[in-house]
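Inspection log for the structure reproduced underneath, given as structure tokens.
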Amino acid sequence: HILVGGESRSGKSTWLNAMLVALLSTYTASELRVALIDPKGVEFTPFSGIPHLVKPVAITPHQASAVLNWLVTEMDARRELFAGVYARNLVTYNERAPKHGASPLPLTLVVIDEVSDIALQCGLSSAFYKNLIRLSSKGAAFGLILILATQNPKAEVLNTLIRGNMSTRIAFRVSSAEHSRTILGRGGAQELPRTVRGRMLARLDDAMVRLQGFHVPDDRVLAVARRWVERSQPGLTPTERALVAYALDELDGAFPIGRLYEQFKGQISHRQLVKLGRRWEGRGWLTTPSSVVEPRRATEALRNAFLGDAPPDA
């Protein structure tokens, strides 16, 4: 697990994006799965719809809690699988799984930006926070790796139950020695230069080293993410294209199952529409409704899929 801290404009968010670009440029969705929690709603937007995502990028506390619930369920399921082949870690499991007729499992990376803020929004007695502690203490053994990032490291939030399991600590410039100690276990990060973005102190096991991060331009981030989205998108059927066109043109991007069923009755069943909505939601093409009365809405990923699937003369 990795703990990353740094004040605003110190280079923390740039490092997170560079890290994701590096990984996505190397590993397929069968090798690496990613869960992204982004309370600001802007840092991980380019990665919406990539096939590596286990869930759509979480923005609200409710969505973040749902992602961690899924991850804990996955961890418990992997525990049973590991026990079945007598494996103690992911590498050993993937070596032994084929011999037992099982498929290898991908490494799952969990990136939570502004972890202090989202934890406080959910509450320190919430299921989110309890699941965060469980994942930090047991997840790595089952191939679930946490990267927790914050610009406001609070010791009462990132308590010893969490920090003690972060074997790698990275601190960009912080505002105080106390924040440096919360991240690294010692002062020093408050003295990093403000004029050099991306300069960091890193505690790798017991060694402390000074490093320089690198910048990945936004267009490069978008290009890598878009390439994966395009590779993962199957062609839309004529009925699916008609559904998208109607939702965009007549419903301002809303995807209400009941109304669409009435409009396309005879072309698609209600059950097929429900399954389609859930599948597109999981792919990041539709938003997750925050209430039972609010319909799903088309995301930019669905618009791109719809437009990208159009014939050349459309």
Along the three principal axes, how long is the range 59-127 when you take its alpha carbons, biggest first, rounded to the nearest angstrom? 45, 19, 17
On full extension of the chain, what length is gained from Ala245 through Leu204, given 0.36 nm per residue of separation minus the C-alpha to C-alpha distance? 9.6 nm
Say R0 is 45 Å: what FRET efficiency, to the nearest 0.05, do Tyr86 and Val196 get from their beta-carbon distance? 0.35
Could you rank the peptides 49-58, 69-78, 95-104 by their average count of other C-beta atoms within 10 Å per residue, with the highest value first? 49-58, 69-78, 95-104
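Hey, can you find the accessible area per residue of the range 150-200 for me, probe 1.4 Å, expressed in square angstrom?
Ligands and nucleic acids excluded, the result is 46 Å² per residue.
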Using a 1.4 Å probe on the protein heavy atoms, what percent of the accessible area of the range 187-266 belongs to carbon and sulfur? 48
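Taking 8 Å as the Cα distance limit and 6 or more residues as the minimum spacing, I'd like the relative contact order of the chain as a percentage.
After rounding, I find 22 percent.
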Per the range 59-214, sqrt(5λ) over the Cα gyration tensor eigenvalues, sorted largest first, in Å, gives 32, 20, 13
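Taking N as the number of residues in the range 3-116, what is its Cα Rg relative to 2.2 N^0.38 Å?
Ratio of Rg to 2.2 N^0.38 Å for the range 3-116: 1.19.
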Ignoring ligands and nucleic acids, what accessible area does His1 show with a 1.4 Å probe (Å², nearest 10)? 20
So how exposed is Tyr246, as accessible area in Å² (1.4 Å probe, rounded to 10)? 40
Round to the nearest 0.05 the FRET efficiency obtained for Ile133 and Arg279 when R0 = 41 Å and r is the Cβ-Cβ distance. 0.80
Do the alpha carbons of any pairs in Lys55/Lys265; Lys138/Lys275; Lys55/Lys130; Lys55/Lys154; Lys99/Lys130; Lys130/Lys154 sit beyond 26 Å of each other, and which pairs? Lys55/Lys265; Lys138/Lys275; Lys55/Lys154; Lys99/Lys130
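Could you grab the relative contact order for the range 113-196? Cα pairs under 8 Å, six or more apart, rounded to a whole percent.
25
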Viscosity 1.567 mPa s, temperature 4 °C: what is the translational diffusion coefficient of the range 91-143 from Stokes-Einstein with a Kirkwood Rh over Cα pairs, rounded to a whole number of µm²/s? 98
Can you pull the one-decimal nm distance between simple spin-label points at Arg79 and Arg186, each 7 Å off the Cα toward Cβ? 3.6
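Can you compute the helix-only [θ] at 222 nm over the chain? Use -39500 (n - 2.57) per DSSP H run of at least 4 residues, normalise by all residues, nearest 500 deg cm²/dmol. All intermediate terms of the calculation are to be shown ahead of the outcome.
On the way: 12 runs with 134 residues, N = 314.
The per-residue figure over the chain is -13000 deg cm²/dmol.
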Where does the range 158-198 land on the Kirkwood hydrodynamic radius, alpha-carbon pairs, in angstrom? 10.7
Throw me the Rg/Rh for the range 135-243, computed over C-alpha atoms with Kirkwood Rh, two decimals. 1.16
Semi-axes of the chain from the Cα gyration tensor (sqrt of 5 times each eigenvalue, largest first, whole Å) come to 37, 24, 19
Quick one: P(r) of the range 198-282 from all Cα-Cα pairs, 5 Å bins, percents rounded to integers, in order of increasing distance. 3, 11, 15, 14, 10, 9, 8, 6, 6, 6, 7, 5, 1, 0
Give the Cα extents of the range 182-221 along the principal axes, in whole Å, largest first. 36, 23, 16
If you count only protein heavy atoms with a 1.4 Å probe, what accessible area per residue comes out for the range 1-109, rounded to a whole Å²? 44
Counting only protein heavy atoms and using a 1.4 Å probe, what share of the accessible area of the range 53-126 belongs to carbon plus sulfur, as a whole percent? 55
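The values are calculated or read from the model by the stated rules, or taken from the named source; none is laboratory data. All values reported here derive from a predicted model rather than from experimental measurement. Glycine gets a Cβ as well: all are built from the backbone with ideal geometry, and neighbour counts include every protein chain shown. To get the accessible areas, we keep the full protein, side chains included, count just its heavy atoms, and leave off ligands, DNA and RNA. Shrake-Rupley method; radii C 1.70, N 1.55, O 1.52, S 1.80 Å.
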